[in-house]
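The values are calculated or read from the model by the stated rules, or taken from the named source; none is laboratory data. Computed from a predicted structure; not experimentally measured. We place every Cβ from the backbone using ideal geometry, glycine too, and count neighbours over all the protein chains shown.
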Amino acid sequence: MLNPYLPNLTVIKKITQENDLNDIKTFKLAFKNSNKFRDFKYRCGQFAELSLFGVGECPIGIASSPSDNFLEFTVKKVGMVTTALHNCEEGEIIGVRGPYGNGWPIERLESHDIFILGGGFAFTTLRSLIKYILHEENREKFGKLCVIYGTRDPGELLYKYDLRTWATRDDIQVIPTIDRASNGWVGRVGFPNQIIKEVASDTENSLAIICGPPIMIRFTIPILVKLGFPPKNILTSLEMRMKCGIGKCGRCNIGNKFVCKDGPVFSYKELQNMPKEH
Amino acid sequence: MKGRIFDKAQLSEFIDDLIKKRKVYAPINKDGLTCFSEIKSSSEIYFDFQSKLSSKEILFPRCETLFTYKRVDGDVKLEEMKVKDEEIVLFGVPPCEARGFILIDKAFSSGEFQDVYYLRRRENTIIIGKSCQYPRNTCFCTSVGGSPFGREGVDLLLHDLGEKYLLEIVSKKGEKLIDYIQKYENAAETDIKMVQRIEKVAKESMKTRLELKNIEEKLDNMFEDPLWKIIYQKCVGCGVCTYLCPTCYCFDMFDEQVTSSEGKRIRIWDSCQFPLFTLQGSGENPRPTGKERMRQRMMHKFNYYPKNYDDIACVGCGRCIRECPVNLDIREVLNKIMTQ
Amino acid sequence: MLMVDSVQTMRKIAKRLLEEKSVNLIIGYERGTLPFRTTPCFISDVKEVDRLIWDVTCENNLAKYLKDRGEKIGILAKGCDARSIVACIVENQIKRENVFIIGLPCSGVIDRKKVESELNGKEILEATISDDEIILKGEGYNKRLPVKGFLDDSCVSCKHRNPPLYDVIVGEKVLEEMGDDEFISTSKIEDKSIDERWEYFTNELSKCIRCYACRNVCPLCYCEECFVDQNMPTWLDKTDNISDIMVYHIVRVFHTAGRCVDCGACSRACPLGIDLRSITQKMVKLVKELYDFETGLMLEEVPPLATFKQDDPQEFMK
């Protein structure tokens, strides 16, 4: 019997500051045992439990794409474990347990136009998905790809280097946007749920993926429904307090589903049939 | 029904024999507190109606180390606390608690991942249950799919026939254990008939009978019911009901630093009734008050778990009723739900 | 006044309060679901006042339920409960004008664990309760027990049986009986040697399963985030190591200094019967000795750990 509570040991290879406030960093990890990494087959939208030995664990969405040959996590400093992680230096060893969760349903996304709406810090697993779709082996399997990514201000946009690269491509429409006009920002101003109204097309046959703070999701889903996206085609990734990540410790349930095991990706149709407890 | 007959002395002999080769856990009385503990002699066994702390903690300890870590030259070494490969006998488990293990088994073994700590211990353990002849008013095992003489989850079942005991063989594991002990007589037809008689009497003496058919369907539509706001008022939000429950298995994990370079990852019992149970890093809490947490407890036991595993996650042992500091009675709650 | 007569008076008061809309809710006691239990009840409908009862099994400290209620509440309060209410008002957790205290002069509540021990754990099938006697019937037994012999230890040495603060009192005040040693629960420990004390505390506290019933039934344990759950920094761990367990109990007792009224709710709530009052009462005794202060007797008195006086004892600063 495999022990699912034992973390794999990884080395922090590179730490990238992602935002001006410097409370969000991307950690590039390499498995100490490359065999274990080969077995760590993950899908976009899955997460892993990162172990800071002596401090604890935290569940973090995987930000790299399965097509990458490295593992990346983007972590915001909010509590005890994430603070300890932010205090780490390159070369230090942390643990990784996973991959867990159901991930974005790639099979359902293939052959369709995809509209991605991201808000704030929640863009991490969306970035994984976008990188995957844009990969030369995969791009032709998917239809149009439109990404609207909004943050409070320009300094909070993650993956600025990716956003710049994507802007040069013609097989993806990327619209970074900020909540309120800011000095030096020449891009869009406004919320993703307003901008989607301008770019949405052929919504009955397209999928919309939305990740962001609960308030953004609450206000955006009705707009998507009004635009004609079928509820089963509106996908989101839920956040919950997690510990085991494998559906055993009992705390991340919404109704009879566990966010760590049956999620974190759920469609709006599924959410409609679940208790309003998230 | 197949089994062996023991008189009191022979039963003690049998248990002392088991102790020679295996770890044996049985109910004991330590200054008035009854619980399951390892025994070194059959004389330590204390048979009472129900121990205060259930046998759950033998297979699912309140606190256990999952692994240790050591930092050495910039590297980290992990060592798993492997469950010892030794045979364990869990003796004197009432049928309700044995059924509780079945329910925990389902949760811990289902899906892609297995809880190796609990399941290895479970594999290594032979459960010798003891049938319950005198259910109390707070017992309602028959209302939730169990029975005072239930055979679910036990390998052998001990029946007290007054002057003698009948040890009934229930599973292959139990059969294997008892097979080599030839000196005890096989149960006679009259003994078996007596067990059947006392079983019938015990079942009929069950005073609390709750009508819970369709409770899962009923609860499907009750998530927003105003009932929860009324029920939870007197609950003080402690963890007594969940900790004493033979079917509750929620746990927490945390790291303990022993020295600056060494430490352990530990898991402990947790409770959905504690306010931080679902608190997110962002500060959001989907269950901010006792009302949501009370609802979660009832929904999990009688709606969510049944949806996943086709069984009610309650064995009707009545501990939560007897030990709740404010006498919040699950039977009352269930009746209110069924009559809503 | 006999408790049974008090019940009628109490119900009349509750009825009047609800009818006149002086309060939105009455918090009191009603018959429990087991023969020997009462349970807290919350009544807002005047038709339900007959649910209210009052007898020697009314063991819960109802002051617990007052915090964070914006409305005006009528609450039934024994002497100790009323002291808890005063302490909560002094600490700004309850507004005086939001609470209508229906005072219950009290001669003590039963310790259920003592009764269970007397019955050797046999189930109680029927209980008849009067002011000085409880008649218990079960399988093969019929016992009459004197209430005085089975009172909770906190009641045996209680010095404040009458609520020090109330808006109306039910019946006549009772005599404040002076027990021989009001701090007997802790002085019996003080009589032991250091090694004996350590052994006693280790034996008692190693039973603890950290269910927090003791903390949660206490009206003065109202922190939004208990020190037990804080993790930046982490004060203590939650293992079953006796050190962790002891730290929890010791720190909790320190947090009750000058605030505990020795109502006994914590030790009654403990499912394992841990002798918590041997520790909690020590703090009550220390506060009395050092600062001549007893919690919850006067609204105007500031608790000693919330203020300082020039003549505060300073032995530790020598």
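Points worth noting:
- Considering residues of the stretch C:195-205 that are within 12 Å of chain B (Cβ to nearest Cβ) and surrounded by 15 or more Cβ atoms within 10 Å (Cβ to Cβ) only, the residue nearest to C:N241 (Cα to Cα): C:E204
- Qualifying residues in the stretch B:59-69 (those that are surrounded by fewer than 23 Cβ atoms within 10 Å (Cβ to Cβ) and within 14 Å of chain C (Cβ to nearest Cβ)) - the one farthest from B:R322 (Cα to Cα): B:T68
- Counted residues, the stretch C:30-60 - those being more than 17 Å from C:V168 (Cα to Cα) and part of a strand (DSSP E or B): 8
- Counted residues, the stretch B:113-162 - those being free of Cβ contacts under 8 Å to residues at least 12 places away in the same chain and either among the hydroxyl-bearing types (S, T, Y) or more than 14 Å from chain A (Cβ to nearest Cβ) (or both): 1
- If you go through the stretch B:244-261 and keep only what is of a type in the set (D, E, K, R) and either more than 7 Å from chain A (Cβ to nearest Cβ) or closer than 16 Å to B:M298 by Cα (or both), you end up with just B:E256.
- Cβ separations smaller than 6 Å between residues 6+ apart or across chains give the following pairs from the stretch B:313-332 residues that are within 10 Å of chain C (Cβ to nearest Cβ) to residues that are small (G, A, S): B:P325/C:A213; B:P325/C:A269; B:N327/C:G32.
- Elements of the type strands (runs of 3 or more DSSP E) sitting completely within the stretch A:12-81 and holding at least 2 residues that are of a type in the set (D, E, K, R): these cover A:24-31, A:71-76.
- Residue selected from the stretch B:70-94 under the condition in contact (Cβ under 8 Å) with a residue 24 or more places away in the chain, part of a strand (DSSP E or B) and within 26 Å of the chain's Cα centre (by Cα), by the criterion farthest from the other protein chains (Cβ to nearest Cβ): B:V89
- Residue within the stretch A:184-194 that is small (G, A, S) and either in contact with a strand residue (DSSP E or B) (Cβ under 6 Å, 6 or more places away or on another chain) or in the same structural domain as A:E18 (by TED's automatic domain parsing) (or both) present: yes
- Filtered residues of the stretch A:131-171 (kept if within 17 Å of A:S67 (Cα to Cα) and in a loop (DSSP other than H, G, I, E, B)): A:H135, A:E136, A:E137, A:N138, A:F142
- Apart from one condition, A:Y5 fits all of (1) facing chain B (nearest Cβ under 9 Å); (2) free of Cβ contacts under 8 Å to residues at least 60 places away in the same chain; the exception is (2).
- Looking only at the stretch B:231-253, and only at residues there that are among the polar types (S, T, N, Q) and part of a helix (DSSP H, G or I), the one that is nearest to B:D105 (Cα to Cα): B:T242
- For the criterion of being assigned to a loop (DSSP other than H, G, I, E, B), free of Cβ contacts under 8 Å to residues at least 24 places away in the same chain and loosely packed, with under 14 Cβ neighbours inside 10 Å, B:E211 fails.
- Extreme residue, surrounded by the most Cβ atoms within 10 Å (Cβ to Cβ), among residues of the stretch A:56-81 that are among the aliphatic types (A, V, I, L, M) and modelled with pLDDT of 95 or more: A:I62
- Residue within the stretch B:269-290 that is without any contact (Cβ under 8 Å) to a residue 60 or more places away in the chain, among the aliphatic types (A, V, I, L, M) and within 12 Å of chain A (Cβ to nearest Cβ) present: yes
- Which listed residue, of C:A63, C:A14, C:A87, C:A82, is out of contact with any Gly (no Cβ under 8 Å at 6 or more places or on another chain), of a type in the set (G, A, S) and either in contact (Cβ under 8 Å) with a residue 60 or more places away in the chain or in a strand (DSSP E or B) (or both): C:A63
- Just one residue in the set C:R277, C:R259 is more than 11 Å from chain B (Cβ to nearest Cβ), in contact with a Gly (Cβ under 8 Å, 6 or more places away or on another chain) and crowded, with 18+ Cβ neighbours inside 10 Å; that residue is C:R277.
- Number of positions in the stretch C:19-41 that are more than 25 Å from C:V147 (Cβ to Cβ) and either in contact (Cβ under 8 Å) with a residue 40 or more places away in the chain or of a type in the set (D, E) (or both): 7
- Just one of the listed residues (C:D240, C:D244) is at the interface with chain B (Cβ under 8 Å from one of its Cβ atoms) and either of a type outside the set (G, A, S) or free of Cβ contacts under 8 Å to residues at least 40 places away in the same chain (or both), and it is C:D240.
- Condition met for A:L129 (in contact (Cβ under 8 Å) with a residue 24 or more places away in the chain, within 14 Å of chain B (Cβ to nearest Cβ) and hydrophobic (A, V, I, L, M, F, W, C)): no
- Subset of the stretch C:128-158 (residues that are touching a residue at least 60 places away in the same chain (Cβ under 8 Å) and not in a strand (DSSP E or B)): C:S130, C:D131, C:V147, C:D152, C:D153, C:S154, C:C155, C:C158
- Qualifying residue in the stretch A:81-90 (condition: over 16 Å from the mean Cα position of the chain (by Cα), among the charged types (D, E, K, R) and within 23 Å of A:G263 (Cβ to Cβ)): no
- Taking the stretch A:207-235 as the range and being out of contact with any helix residue (DSSP H, G or I) (no Cβ under 7 Å at 6 or more places or on another chain) and either of a type outside the set (A, V, I, L, M, F, W, C) or surrounded by fewer than 18 Cβ atoms within 10 Å (Cβ to Cβ) (or both) as the test, the residues that pass are A:P214, A:I215, A:R218, A:P222, A:K226, A:N233.
- Test: residue in the stretch B:224-231 that is over 30 Å from B:E152 (Cα atoms) and at the interface with chain A (Cβ under 10 Å from one of its Cβ atoms): yes
- Enumeration of residues in the stretch B:281-305 that are surrounded by fewer than 18 Cβ atoms within 10 Å (Cβ to Cβ) and within 16 Å of A:D262 (Cβ to Cβ): none
Conditions (1) modelled with pLDDT under 95; (2) of a type in the set (S, T, N, Q); (3) out of contact with any Lys or Arg (no Cβ under 6 Å at 6 or more places or on another chain), marked per residue:
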| residue | (1), (2), (3) |
| --- | --- |
| C:E30 | no, no, no |
| C:T38 | no, yes, yes |
| C:I43 | no, no, yes |
| C:A63 | no, no, yes |
| C:G74 | no, no, yes |
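- Scanning the stretch C:90-123 for residues that are without any contact (Cβ under 8 Å) to a residue 24 or more places away in the chain and touching a Gly at 6+ places or on another chain (Cβ under 8 Å) gives C:S117, C:K122, C:E123.
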